[in-house]
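Structure first, then comments.
Bear in mind that the values in this text are calculations on the coordinates, not laboratory data. Values in this document were obtained by computation on a predicted structure and should not be read as measured data. Heads up, the Cβs are rebuilt from the backbone with ideal geometry, glycines too, and the neighbour counts pull from every protein chain shown.
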Amino acid sequence: MKQEERREQTKRILLEATEDLIREQGCSQTTLNDIMKRSGLSKGAIFHYVSSKDELFVHVLRAKLAEQNEQFMSEVNKQGDIKQFDGPMNTITNSMWRLESRDDVSNLIFMYLIGKSDQPEIADIVAGFYREATATSKLWIVTGQEAGVIPESIDAERTAELFELLSFGLRMRGLIGVNSHAFSTKDYAEFIIDILRPGHRKEGKDGL
């Protein structure tokens, strides 16, 4: 096995072990010793990738974001001459229910890190992930514009920022246990489609 392949395999083992532990016992109760035992990696091996448990949790967040991006791009590439909107869009909207799930690993990490945001280094970590998530949303919009299925007139940067603000708000609402039917994740999905594909209701499409 090549060194790069070994490195990626080690990283995958580390992230999967961390994710499993968070699901089982939460972020606060998960320790580096727990992660070492579950992954079979030494402290030195873990610190080769990250400098703290909190940084490791952010790597889990980034891995989940990268996974969704891969699914989106896979759907785009699958279509060849991509003049389709629904396929790639559905990879996003079909997973939106997770935004309000109190069992979702990403949400558990968010709650944990935001609770420590009075620490400048943690605040910087969370801000960095927010910027990365916004950049990914912008990439999806630009990809649709280049394919001719999203109007060029849409400001990709501003729209991506709006979508991330709403996503973070839905996460927080779910985490604090507020149930509301006034604006659900399904409404949010429809809101996104209304912006990115103007007139789709007039065409008789529900977009979901």
May I ask for the Kirkwood hydrodynamic radius of segment 43-137, worked out over all distinct Cα pairs and given in angstroms to one decimal?
15.1 Å
Please determine, in degrees from 0 to 90 and to the nearest 10, the orientation of helix 53-78 with respect to the longest principal axis defined by the Cα atoms of the chain, where the helix direction is its Cα long axis.
40 degrees
Could you work out the local net charge near THR30, counting Lys and Arg as +1, Asp and Glu as -1, over the other residues with Cβ closer than 12 Å to its Cβ?
-1
From phi via Karplus (6.51, -1.76, 1.60), per-residue ³J(HN,Hα) for segment 31-46 in Hz, x at Gly/Pro
10, 4, 5, 4, 5, 4, 5, 5, 8, x, 9, 7, 4, x, 5, 5
Run through all the Cα pairs of segment 102-142 and give the fraction in each 5 Å bin from 0, expressed as whole percent.
6, 22, 21, 22, 17, 9, 3
Using the Cβ atoms and a cut-off under 11 Å, what net charge is assigned to the surroundings of LYS138, where Lys and Arg are +1 and Asp and Glu are -1?
-3
With an 8 Å cut-off on Cα pairs and a minimum separation of 6 or more residues, tell me the relative contact order of the chain in percent.
21 percent
If each of ALA127 and ARG23 carries a label point 7 Å out from its Cα toward its Cβ, how far apart are those two points in nm?
3.4 nm
For segment 52-196, the count of lysine pairs 8 or more apart or interchain whose alpha-carbon atoms are under 23 Å apart comes to 9
Rounded FRET efficiency, nearest 0.05, which uses the C-beta distance separating MET36 from ILE195 and R0 of 30 Å
0.05
Can you sort ARG6, ARG62 by how many other beta carbons sit within 10 Å, fewest first?
ARG6, ARG62
Please determine, in degrees from 0 to 90 and to the nearest 10, the orientation of helix 185-196 with respect to the longest principal axis defined by the Cα atoms of the chain, where the helix direction is its Cα long axis.
60 degrees
How large is the helix-only mean residue ellipticity at 222 nm for the chain, computed as the sum of -39500 (n - 2.57) over DSSP H runs with n ≥ 4, divided by its residue count, in deg cm²/dmol to the nearest 500?
-23000 deg cm²/dmol
Here are some values of Cα Rg over 2.2 N^0.38 Å: (i) 1.13; (ii) 1.27; (iii) 1.39. Which one was computed from this structure?
(i)
